[in-house]
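Have a look at the structure below before the remarks.
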Amino acid sequence: MTDFMDIKEQYRQFGISEAVYEYGQEILNGLQERFKQIDRTAEYNQLKVIHAMQTANVSEACLLGTTGYGYNDLGRDTLEKVYAAVFQTEDALVRPQITCGTHALALALMSNLRPGDELLSPVGKPYDTLEEVIGIRASKGSLKEYGISYRQVDLLSGGGFDYEGIRAAINDRTKLVTIQRSKGYQTRPTLSVAQIGELISFIKGIKPDVICMVDNCYGEFVETKEPSQVGADMVVGSLIKNPGGGLAPIGGYIAGRRDCVENAAYRLTSPGLGKEVGASLGVLPAFYQGLFLAPTVTASALKGAVFAANIYERIGFGVVPDASQSRHDIIQAVTFGSPEGVIAFCEGIQAAASVDSFVTPEPWDMPGYDSQVIMAAGAFVSGSSIELSADGPIAPPYAVYFQGGLTFPHAKLGILKTLQNLMDKGVVTQDFRRQENLS
Ligand SMILES: *Cc1c(COP(=O)(O)O)cnc(C)c1O
């Protein structure tokens, strides 16, 4: 009995009023069915990961690392078998030498494309950082510099695939198709695994030997199937997002067809060396344990996203996905329509952090963006966006992108803290309505 009295006191220590806490409880009461489904997916994926570890004979020796060249690194090679089993692919490359998601994607592209080939994106503009990889924005070492051309077919205005446009874009030079699962920081919908499967079947129906790669960032373990189970030849992602489970301190993965992964390995290290080298140093325990935790960590982040969508939709702000839509990634967009809203939200997230909670995030001129950007992150792993984090450009429509939370109680605290801060700053009224006459 006393524990519920205590919990309000706990929230009060964070400056969260009883009214905000009760508002959150009311929203949560309506989400029990959604949360049950999320838990069910996590249960399925947890079993999938454990089964993969058992099948690959993960042993205590796998947790040791190598140094120097890294020949015969049992833990590294076994972990790659585990990833291949989880994603149901022939092979996988999972390395701390892959520095981030962009690097993993660039590696998959550069190693599987040759001069004269063409890359196609049938889902519109790819993630910002890939523009320089491809050469959409001029950059040293881009695919374009190596004579690899690029074509793009935008999604239809309703978010569907432009099948006729895609058919017309595929030609005898089309070698690789890149499909971004998550909306990233755009307003288009995130693609479900089923939709990705339909798109791949259509493309392979036109050109069976084309390589289909999926940018799987933020999508891992959100559903019970991964894009590699519906025809993708490669799935690619970052270990400081979902599959690292919050524990991996660095890294990326490419899982897929053996020849595609082999190409990537020869490019990552050197022709002739491939997967044989690349010391794992001391990261393997974090990679294994992070993958083990990834299904429930992803579920916590998803619950946080659903909670935020329901709170802010009810108050009157635009949310993508909306409160009841099915989820295919962990990103939640909330449109505040004013700089004050974006800033107050990010301040709330920062104030809920375990690390760096005392700093105040401010908008700054980030390289590569034409407006100022504000970011909130108090992470154990620098830049980790499976941890509670938010960012938004200070430009219309004044939207923030929120993701993560290694545990649901942390995500909940963060979201309640954003709401409290928005009320304290007058962006949300005392009766939980959107303040209409802001800048
Ligand atoms: C995060 C992300 C990337 C790039 O990953 P980094 O680790 O930030 O380099 C690429 N694509 C999508 C969809 C992402 O969400």
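Here the Gaussian network model covers the chain, with springs between Cα atoms less than 10 Å apart; of 274, 135, 68, 68 fluctuates the most.
Using packing as a proxy for protection, rank 110-119, 91-100 so that the peptide with the highest average count of other Cβ atoms within 10 Å comes first.
Details: 110-119: 17.7, 91-100: 23.6.
Order by mean packing, descending: 91-100, 110-119.
Report relative contact order for the chain in percent, whole number only (criteria: Cα-Cα under 8 Å, sequence separation at least 6).
Numbers: 910 pairs, mean separation 73.7, N = 439.
Once divided by the residue count of the chain, the mean separation gives 17 percent.
Neighbours of residue 103 by Cβ distance under 14 Å: Lys/Arg scored +1, Asp/Glu scored -1, total +1. For segment 67-281, the square roots of the Cα gyration tensor eigenvalues, ordered a ≥ b ≥ c, give a/c of at least 1.5 with a/b greater than b/c, which places it in the prolate category. The packing ranking, built from the mean of other Cβ atoms within 10 Å per residue, places the peptides 402-408, 17-23 in the order 402-408, 17-23, highest first. Helix 339-351 axis versus longest C-alpha principal axis of the chain: approximately 80°, rounded to the nearest ten.
Against the chain, whose longest principal axis is taken from its Cα atoms, helix 74-86 shows a tilt of about 70°. Would any residue of segment 84-114 have its amide N under 19 Å from a label point 7 Å out along Cα→Cβ of residue 69? List them or say none. Label zone hits: 97.
Heavy-atom accessible area per residue, segment 282-392, 1.4 Å probe: how many Å²? Spell out each step's value before the answer.
On the way: 3830 Å² over 111 residues.
On a per-residue basis, segment 282-392 sits at 35 Å².
Need one number: % antiparallel among DSSP beta bridges in segment 67-281, to the nearest 5. The partial results should precede the final answer.
Working: 10 of 25 bridges.
Just about 40 percent of them are antiparallel.
To the nearest ten degrees, helix 258-268 and the longest principal axis of the Cα atoms of the chain are 80 degrees apart. Every Cα-Cα pair in the chain was counted, and those over 30 Å apart are 44% of them. Checking every one of the chymotrypsin sites (Phe, Trp or Tyr not before Pro) in segment 285-363 against DSSP loop status and a limit of 13 other Cβ atoms within 10 Å picks out 358. Rolling a 1.4 angstrom probe over the chain with all protein chains present gives an accessible area of which 54% lies on carbon and sulfur atoms.
Can you tally the net charge around residue 138? Count Lys and Arg as +1, Asp and Glu as -1, for every other residue whose Cβ sits under 12 Å from the Cβ of residue 138.
Details: positive: 137, 140, 144; negative: 131, 132, 145.
Local net charge: 0.
The residues of segment 67-281 expose on average 38 square angstrom of accessible surface per residue, using a 1.4 Å probe on protein heavy atoms.
Which chymotrypsin sites (Phe, Trp or Tyr not before Pro) does segment 104-165 hold that lie in a coil by DSSP with at most 15 other beta carbons within 10 Å?
On the way: sites: 127, 146, 150, 161, 163; in loops: 127, 161.
Passing both the DSSP loop test and the Cβ count: no residue.
Looking at the chain, which longest stretch skips every one of the trypsin sites (Lys or Arg not before Pro) that is in a DSSP loop with at most 11 other Cβ atoms within 10 Å, leaving the sites themselves out?
Numbers: sites that count: 140, 433.
After excluding every exposed loop site, the longest remaining stretch is 141-432.
Dipole magnitude for segment 67-281: about 240 debye, using +1 per Lys or Arg Cβ and -1 per Asp or Glu Cβ, origin at the Cα centre. Taking every DSSP beta bridge that has both ends in the chain, the antiparallel portion is near 65%.
Around residue 34, what is the net charge, scoring Lys/Arg as +1 and Asp/Glu as -1 over all other residues with Cβ under 13 Å from its Cβ? List each step's numbers first, then the result.
Values: positive: 36, 40, 303, 327; negative: 33, 39, 322.
Counting the neighbours of residue 34, the net charge comes to +1.
Restricting the chymotrypsin sites (Phe, Trp or Tyr not before Pro) of segment 171-243 to loop positions (DSSP other than H, G, I, E, B) with no more than 15 neighbouring Cβ atoms within 10 Å leaves 185.
With +1 on each Lys and Arg Cβ and -1 on each Asp and Glu Cβ, how big is the dipole of the chain about its Cα centre, in debye rounded to the nearest 20?
Values: 37 positive and 49 negative charges, 140 e Å.
That gives a dipole near 680 debye.
The values are calculated or read from the model by the stated rules, or taken from the named source; none is laboratory data. This one's a predicted model, so the numbers in the text were calculated from it and none came from an experiment. In this analysis, Cβ positions are derived from the backbone assuming ideal geometry, glycine residues included, and neighbour counts consider all displayed protein chains. In case anyone asks, the SASA skips ligands and DNA or RNA and just uses the protein heavy atoms, side chains included. Shrake-Rupley method; radii C 1.70, N 1.55, O 1.52, S 1.80 Å.
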